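The values are calculated or read from the model by the stated rules, or taken from the named source; none is laboratory data. Keep in mind that what you see is a predicted model, and the values were worked out from it rather than measured. Please note: Cβ atoms are built from the backbone with ideal geometry, for glycine as well, and neighbour counts cover all protein chains shown. Quick note on the areas: whole protein, heavy atoms, side chains included, nothing else; ligands and nucleic acids left out. Shrake-Rupley method; radii C 1.70, N 1.55, O 1.52, S 1.80 Å.
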Amino acid sequence: MSARPARGGGRWVTVPPERLHPWIDGFAARHGPFTPSGDERVVRLPAADGALAELHVPFPPMTPPGPPHVTRLVAHAGAARKVGVFLVRLGGHAAGVFHGTALVASKVGSRLVQGRTAAGGWSQQRFARRRGKQAAQALDDAVETAVRVLTPHLGDLDAVVLGGDRRAMDRLRADRRLAPLLALEREPFLVVPDPRLAVLRDTPALFRAVRIRVTDPDQSSSSVTAQEKGSRGVKGSSEPPGTP
């Protein structure tokens, strides 16, 4: 589990599906009984002491929504889905298909893209053109890898999760080869380091997690209890809903 401050108050808590029910029990123990409410995207737990936990449904919508909210959310979060993952950073990429937490197909690749230089004049212009061509080829390679790995599973995928560098990914969105995959895109966008195989293998801990916004009765308190923060961090990070 991990936690970070939330804009506008409170904090985001990231909880693995397997720990969701114990976390909810702990929230009730700390803040008192709650009466759940919500819809297919958010389950709200307003506690007796004024604290509020807003649990954002992973892979929305949750169907059917409605009571018992907690039971439905726990079952929905823990479902074994088939998810495609596509990670891109300039010069590196990875694509994989997961069934639950098991990686069943994958490919990673890299291509040299030279760094920026402070030189000026004609030399700088030639360097910029060469670097631009290298970047374009690297991104084209990334698209080809995603299509090769993910498209054969397209009919079985429940979702596609993107990650890496957002600017690099945004440059690829207009590529028509990716259109069928982008139609299945779901949050969160995974902010991860260079897309190596080990990084790809760790992504289920990010895209399967339940993101919870916790608001304490006293808004001036921004501390995170040891129980909510947990003793182990999650590799990489993801962007909770509602954050920039």
Query - the stretch 134-148, residues that are among the hydrophobic types (A, V, I, L, M, F, W, C) and either touching a residue at least 60 places away in the same chain (Cβ under 8 Å) or open to solvent by 60 Å² or more (accessible area, probe 1.4 Å) (or both) - result: Ala146
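Of the residues that make up the stretch 15-25, is at least one within 23 Å of the chain's Cα centre (by Cα) and either among the small types (Gly, Ala, Ser) or assigned to a strand (DSSP E or B) (or both)?
yes
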Query raised in the report: Where in the stretch 133-208 are there helices (runs of 4 or more DSSP H), lying wholly inside it, with at least 2 residues that are not hydrophobic (A, V, I, L, M, F, W, C)?
Result: 166-172
Query raised in the report: When both residues are 6+ apart or on different chains and their Cβ atoms are under 8 Å apart, which pairs have a first residue that lies in the stretch 200-219 and is open to solvent by less than 10 Å² (accessible area, probe 1.4 Å), and a second that is in a helix (DSSP H, G or I) and modelled with pLDDT of 95 or more?
Result: Ala209/Pro17; Val210/Pro17; Val210/Leu20; Val210/Leu73; Val210/Ala77; Ile212/Trp23; Val214/Phe27
Report summary line: Output for Cβ contacts, cut-off 8 Å, separation at least six or different chains, first residue farther than 21 Å from Trp12 by Cβ in the stretch 179-192, second of a type in the set (Asp, Glu) and part of a loop (DSSP other than H, G, I, E, B), reads Leu184/Asp158
Query - Residues satisfying the stated conditions in the stretch 43-98, i.e. over 21 Å from Ala168 (Cβ atoms) and aromatic (Phe, Trp, Tyr) - result: Phe59, Phe98
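Could you please let me know if Val234 is hydrophobic (A, V, I, L, M, F, W, C), modelled with pLDDT under 95, over 13 Å from the mean Cα position of the chain (by Cα) and not in a helix (DSSP H, G or I)?
Against the criterion (hydrophobic (A, V, I, L, M, F, W, C), modelled with pLDDT under 95, over 13 Å from the mean Cα position of the chain (by Cα) and not in a helix (DSSP H, G or I)), Val234 does not qualify.
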Query raised in the report: Do you know which residues across the stretch 1-27 are surrounded by fewer than 17 Cβ atoms within 10 Å (Cβ to Cβ) and either over 23 Å from Ala205 (Cα atoms) or out of contact with any helix residue (DSSP H, G or I) (no Cβ under 7 Å at 6 or more places or on another chain) (or both)?
Result: Arg4, Pro5, Arg7, Gly8, Gly9, Glu18, Arg19, Pro22, Asp25
Query raised in the report: Taking only pairs six or more apart or across chains, which ones have beta-carbon atoms under 9 Å, a first residue in the stretch 154-177 that is farther than 18 Å from Arg89 by Cα, and a second residue that is surrounded by 13 or more Cβ atoms within 10 Å (Cβ to Cβ) and hydroxyl-bearing (Ser, Thr, Tyr)?
Result: Arg177/Thr151
Query raised in the report: Looking at (1) without any contact (Cβ under 8 Å) to a residue 40 or more places away in the chain; (2) exposed (fewer than 13 other Cβ atoms within 10 Å of the Cβ); (3) not aliphatic (A, V, I, L, M), can you tell me which one Pro36 breaks?
Result: (2)
Query - Residues within the stretch 76-90 that are more than 13 Å from Pro204 (Cβ to Cβ), touching a residue at least 24 places away in the same chain (Cβ under 8 Å) and open to solvent by 20 Å² or more (accessible area, probe 1.4 Å), tallied - result: 2
**Report entry** Failed condition for Pro46, given (1) crowded, with 20+ Cβ neighbours inside 10 Å; (2) more than 17 Å from the chain's Cα centre (by Cα)
**Finding:** (1)
Query - Cross-chain or 6+ apart pairs with Cβ under 9 Å, the stretch 47-67 first and over 18 Å from Val13 (Cβ atoms), then among the aromatic types (Phe, Trp, Tyr) and open to solvent by 20 Å² or more (accessible area, probe 1.4 Å) - result: Ala48/Phe34
Query raised in the report: Only one of (1) modelled with pLDDT under 95; (2) surrounded by fewer than 19 Cβ atoms within 10 Å (Cβ to Cβ); (3) hydrophobic (A, V, I, L, M, F, W, C); (4) in contact with a Gly (Cβ under 9 Å, 6 or more places away or on another chain) is not met by Leu184, so which one is it?
Result: (1)
